[in-house]
Structures are given as structure tokens and as C-alpha cells.
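The values are calculated or read from the model by the stated rules, or taken from the named source; none is laboratory data. This structure is a prediction, so every number in the text was calculated from the model and none was measured. Ideal geometry is used to build each Cβ from the backbone, glycine not excepted, and the neighbour counts take in all protein chains shown.
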């Protein structure tokens, strides 16, 4: 499907790797097989194709970020080549997470408009000046600043604000870019290390 | 596995654990590294306390505390990189993204919920209904005493809430999700079902009148002590520190795959509360989690308490549950 192919790079990592002229498909898959003998991983191998699936993969599984994929070995003019197409729900989730946090930010704004709790009312009105707050003699002797009597309470900073939603949307957008680049590099290096092991 | 007898209990019959400080490895490396990882925790705590105690009112604000909290956690992530406790707990991109998702939920949705149904709102409602005044005598205490009491009272409540979660099935359901983490990293404390994250944040601080600065210092106790529950850094924590405060060692035992070991070390910051009630075990574990270390996806973490609860209700009501054929 052309439409899907245009967007599935978001959660698919594809690539190819020369595996050396002397290596057969069977040899190559044998060398890669430790990667698929992990908890929660199943795989099947037929002809020049290896298909794997992962469920509840361990955190330290070197391919934990992927949930499934296809590895194929083709013979080209320059020798056998490994083509891989791996899919990752984690990458898709991370790509969509900014939308979730933007939606939460909007929800926070919306609820703030209809907020009739006493705390919200207090924030909308100018804070009354507080009467003198007692200061313990020990704190006076140690030189601590006198308590603020301007009426601005430190707790007032705690009112729900959309800013954290925007910040986390930004964090996840950055995380996606880093993860999409990093995981593609790491898995390529992992395949290469296994295939070229002497 | 034979296990190790600790009082009346046998710890480590189901999964490997280490019991006793003398059996826990020390920081390896040169004198500089040893020095840094021995004194980092107390120096950070006292430096932060001094900052909040003397900061002018224009700086001593919740927004500053949030900034310091983020900066401190980034620093701790750096320490995880430099001196990991276990290679098997290394932070990966996927683990970081998962952890930050829960941190994000805490800062947004859960904070929003707390604004309407949190313990502060409940305390206000009770005070209004019964015409109670705030406990005004509290504000006359020295700031550090106020701060410690706010922190201690919260942790004392959290101890019993946490212990309740391990002993009462309806509370265990939302908490169980947190026990599916298989490694400890700086932000792993935020990982859990949102219902549990809301419950564990309940406290009775709303009944007291205190200087805002004391609340900020109380938050510092949580940041500079409680954060070390979930972290992949090996420290040579001083003897007095590990006697008073919860450490990664204590909390890793609480998260171990050994059932009996998980029924220990419930406090968030002050491990002496566990010592008071006989639930403290000094030790550590590397193999963590439930069901042999099965990692739970975010989707399952969100639904698990409800699906498991539903299954249990159906079982109790006598309806058979379809079991796949062997």
C-alpha cells in the first residue's frame, strides 16, 4: 500500500548490510540466531527469510525496541546482502506522545476556565496581605529570611498549568528524533557485529 | 535455594538476594571516585537544605524547586552513566522513554486530578465541614523542624499506605504494576498505574499551617533522599545514612523477585520507620520484577488492575473463566 509506505517509516526501521561473499544465508542466520533466542521472542526461518516476533521483551534485550520484523538475504551482483524491515510500537508511541501531551495541556486550560474550587477563586483575586507570620527565635538567630507577608504563597505556583503538557510534548518530540536515529544505528551495528564475528 | 533467615523470615528462597551490609560490594575505582561516591549523597542533601534555608523569598518558590528537581535528576542520570550499580540495569532509549511518559503523566494528568480530588482538597473540605482551624501552632516551630515533620508525617502515611498495598488485595492491584519493573533507574519511581500514583501521593499536610519555605525544604528531603530508592548508581552510603534513610539497596530488595523480600522496606525516605515496625531488611537484589522478570507494556500497566480485578470478581461470583487448552 503506497499510502502506508509513505508514513510507516515512523515506526519501521529498514536497512541493508553486505554480509560478505563467502557467507551463505544459513550461515548468516546462524550467526544472528542468538539475537532471537531471547525471552519473549519467537522466530521462524525458511529459505532466505527470517521472521521474528517479540512480546513482553526484557528491558535489556538488545532488540527490545522492536516488536517484530523480517530479515531477508538476497544475492546481488556484489554478493549476498541482508535486508531488514523491523517495526517498533515504542517508536510509534513516542511519535504520538506529543499529541497526547498537547491534548492534556488543552484539557488543563479548559478545566481552568470552569474551575470554581476555592483555590482557583483565591488565585483569580488579588492576594490579601498576610498578617505577621511568627518566626522562631532559632531561625532569627541563624539568619533565615523572614517569611514572605506579601500574600503571594509559594503554593500558588502549584495551580494546574498547561506548561508541563507543552514541555513534555517537546521532550517526546526530541526523544522520537533521537530514538529513530539511535535505534536504527544500534541495530545495524548489532547485526554487523554478529555477522562479521570470526 | 535455601534462603537467609532474618528474624522469623526466610529471605531469598525464590530468587537470589544479598543480606547484610558487609556482603554488599563497594564502589570500585581510584580514590577520587571513591570520595565522590561516598560523599555525594550527604553533600547534596546539606547543600540543598542550606540553599532553601537561606534563599531570598523571591527565589524560594515552587517553580525554583521544579527547576532544581529536574536539574538534580539529570545529574543523577549522568551518575548512572558513569558508575552503574548493575550493567543489567543500564538505561536504554526505550526504558527512558517509558519512564518519562509516567513522569509526564505525574506532572500533568495526576496533578490535574489532585487539584480536584487530592488530599489537600479533602483536608480543606473536612476543615470547612467541621469548622476546624488549621493547626496554627505548627507555624511557630523552627523551619527545619516544620520541614522534617511535614516530610516525616507524609512518609509515615506513605509507609502505611504502601504496607497496606502489599497486604490488601484491592490496593495491591494498582500497586502490583509498579512491581513489574525489572531494573531501577532515576525515573522508575514514577512508573505505575495512575490510580496508584494518585493514592501514594495522598497526605495530611493540608491540616497544618506552615511557612511555605518549610514545604519546599520538605520537598528537598524527598528529592535528596527518596530519589535514591530507584537509581542505578553504586554509592558507599555512610553508615548513619543507610541507618536513617532508604537506599537503592533497601529498595532493590523490596523489588526483588523473591516474594518474602518484597514484604520489607516500605518507607519512601525514612527507613527508620521500617526499623520501628520490624519490616526493615538491610540488603540488595539485582534480579527484580514479578513472574520471573516479565516486563509489562504501558498498555498492560494501564489496564492490569482493572482486568485482574474483574477476573477476581468473576471467580468469586462463581463464573468460570475460559482457560486456553494446554
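Quick one: which of A:169, A:155, A:144 is modelled with pLDDT of 90 or more, at the interface with chain B (Cβ under 10 Å from one of its Cβ atoms) and in a helix (DSSP H, G or I)?
On inspection, the qualifying residue turns out to be A:169.
I'd like to check which helices (runs of 4 or more DSSP H) are fully inside segment B:223-326 and have at least 2 residues that are in contact with a helix residue (DSSP H, G or I) (Cβ under 6 Å, 6 or more places away or on another chain) and within 14 Å of chain A (Cβ to nearest Cβ). Lay out the reasoning, then the answer.
Numbers: elements: B:239-244, B:248-254, B:259-262, B:271-277, B:298-316.
Filter on segment B:223-326 gives B:298-316.
Residues checked against (1) closer than 23 Å to residue A:171 by Cβ; (2) within 23 Å of the chain's Cα centre (by Cα):
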| residue | (1), (2) |
| --- | --- |
| B:7 | no, no |
| B:20 | no, yes |
| B:38 | no, yes |
| B:60 | no, no |
| B:79 | yes, yes |
| B:92 | yes, yes |
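When you go through (1) surrounded by 20 or more Cβ atoms within 10 Å (Cβ to Cβ); (2) at pLDDT 95 or above; (3) more than 19 Å from residue A:193 (Cα to Cα) one by one for residue A:53, which number turns out not to apply?
Against the list (1) surrounded by 20 or more Cβ atoms within 10 Å (Cβ to Cβ); (2) at pLDDT 95 or above; (3) more than 19 Å from residue A:193 (Cα to Cα), residue A:53 comes up short only on (1).
Do you know which of the residues in segment A:56-81 that are assigned to a loop (DSSP other than H, G, I, E, B) and touching a strand residue (DSSP E or B) at 6+ places or on another chain (Cβ under 8 Å) is farthest from the other protein chains (Cβ to nearest Cβ)?
Initially, segment A:56-81 is screened for residues assigned to a loop (DSSP other than H, G, I, E, B), giving A:56-67, A:77-78.
Narrowing the set further to residues that are touching a strand residue (DSSP E or B) at 6+ places or on another chain (Cβ under 8 Å) leaves A:57, A:61, A:63-64, A:66-67, A:78.
On the way: A:57: 7, A:61: 9, A:63: 10, A:64: 6, A:66: 10, A:67: 10, A:78: 32 Å.
That would be A:78.
Give segment B:4-43 a look and list any residue that's under 19 Å from residue B:275 (Cα atoms) and without any contact (Cβ under 8 Å) to a residue 12 or more places away in the chain, or say none. First the steps, then the outcome.
Of segment B:4-43, the ones under 19 Å from residue B:275 (Cα atoms) are B:4-11, B:18-22.
B:5, B:8, B:22, listed by residue number.
Please verify whether residue A:32 is part of a helix (DSSP H, G or I) and either surrounded by fewer than 20 Cβ atoms within 10 Å (Cβ to Cβ) or not assigned by TED's automatic domain parsing to the domain that holds residue A:12 (or both), treating the condition exactly as stated.
The answer is no for residue A:32.
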